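Read through the structure below, which is laid out as structure tokens, and then see the notes.
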Amino acid sequence: MWNEDQKEALLNVCKNHCYQNAENVIVPEPYLPYVPENWNGILVLAESQSSAYPQYWERLKKESTLERMQRLGKYPEGVDIGPWDDGTIKLALQAIFEGANLNLKLEDVAVSNAVPWTRKSDDNRKNLRPDEQMKAKAAEFWKEIFLVWQPDVKVLVVLGNVAEGVMKQARILGKYRVLKRRLPSTNAINRIINTFDCGDLQIRFPEVQKAKETIKEAMGIHFKPWQIFFACHAVSLGVPKFKEWVRRQELEANH
């Protein structure tokens, strides 16, 4: 995705933004976003990595600084962005693609976290949300990443208020088409999911059912009711926006 000079410059941005108060974070190095070779211009930003994976952090601590800065997508088991690897975001995006009749592939989507550090808890098992200092540092990090990268972002998908706030503070939101969705939190969704019938939702949102079958066939992922609910939420608000963006592109191309 990046040429050698650009990649070196991006890694220097990571080096310059290593967290100084290292005792507050599990790993001080920020990391480059995962960008596939045939990137389709969609960049998804979740919040930050969970701290509840001690084996993952122990593995990272044994790696070099350079390896930690390039850790996304490094291992075959996944990108290392939780709601992407477990299929939650994949299902939501694929359902939007289906609903908007877009010939886009999930494997061509770029993924990262808005906050490229994880707060350290007493036992490294409790998932602490980023504090204000961390969010401000993340905004400076992304500002420089975008300055060097100069990406041709077609759609920036931000999940939750933290991701939106970081990109707004970095003055990136106003430059691109932005689709904001709720953070796919099981706790938040489970509070309201029982007010709906999941089977009925899949009838009302056939895009989600089609996407579920496509992903299950390709990746073998079996989705839980809360993931289906999240995908319906994404389709309801996301498909109209994608259709409008496509319509505008077609109008601009004809003038």
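The values are calculated or read from the model by the stated rules, or taken from the named source; none is laboratory data. Only a predicted model underlies this, so the values are computations on that prediction, with no experimental measurement involved. When we count neighbours, we look across all protein chains shown, and the Cβ atoms used for this are built from the backbone with ideal geometry, even at glycine. Remember, those area values only see protein heavy atoms, side chains included, never the ligands or the DNA or RNA. Shrake-Rupley method; radii C 1.70, N 1.55, O 1.52, S 1.80 Å.
Values as computed for the structure displayed
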item	result
Residue that is modelled with pLDDT of 90 or more and over 24 Å from A170 (Cβ atoms), where the choices are E140, E77, E98, E132	E98
The range 19-42, residues that are closer than 15 Å to W142 by Cβ and in contact with a Pro (Cβ under 7 Å, 6 or more places away or on another chain)	Y19, P30, Y31
All positions within the range 11-36 that are part of a helix (DSSP H, G or I), in contact (Cβ under 8 Å) with a residue 40 or more places away in the chain and within 14 Å of P116 (Cα to Cα)	L11, V13, C14, K15, N16, N24
Hits in the range 210-225 - residues which are surrounded by fewer than 19 Cβ atoms within 10 Å (Cβ to Cβ) and at negative phi	K210, E213, T214, K216, E217, A218, M219, I221, H222, K224, P225
Any hit, the range 181-201, residues being within 19 Å of L104 (Cβ to Cβ) and open to solvent by 30 Å² or more (accessible area, probe 1.4 Å)	no
Enumeration of residues in the range 149-168 that are surrounded by 17 or more Cβ atoms within 10 Å (Cβ to Cβ), touching a Phe, Trp or Tyr at 6+ places or on another chain (Cβ under 9 Å) and more than 17 Å from K241 (Cα to Cα)	W149, P151, V166, M167
Residue ID - farthest from W142 (Cα to Cα), chosen from residues in the range 43-71 that are over 16 Å from the mean Cα position of the chain (by Cα) and hydrophobic (A, V, I, L, M, F, W, C)	A52
Restricting the range 37-63 to residues that are touching a residue at least 40 places away in the same chain (Cβ under 8 Å), part of a loop (DSSP other than H, G, I, E, B) and within 26 Å of E213 (Cα to Cα), the residue that is least open to solvent (accessible area, probe 1.4 Å)	G41
Of all residues making up the range 64-107, the number that are open to solvent by 50 Å² or more (accessible area, probe 1.4 Å) and not charged (D, E, K, R)	9
Selected residue (criterion: farthest from G78 (Cα to Cα)) from residues of the range 14-48 that are polar (S, T, N, Q) and in contact with a helix residue (DSSP H, G or I) (Cβ under 7 Å, 6 or more places away or on another chain)	N40
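Matching residues to (1) closer than 26 Å to C14 by Cα; (2) in a loop (DSSP other than H, G, I, E, B); (3) over 13 Å from the mean Cα position of the chain (by Cα):
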| site | (1), (2), (3) |
| --- | --- |
| G73 | yes, yes, no |
| D80 | yes, yes, no |
| K90 | no, no, no |
| Q94 | no, no, yes |
| N101 | no, yes, yes |
| W117 | yes, yes, yes |
| L128 | yes, yes, yes |
| M134 | yes, no, yes |
| E140 | yes, no, yes |
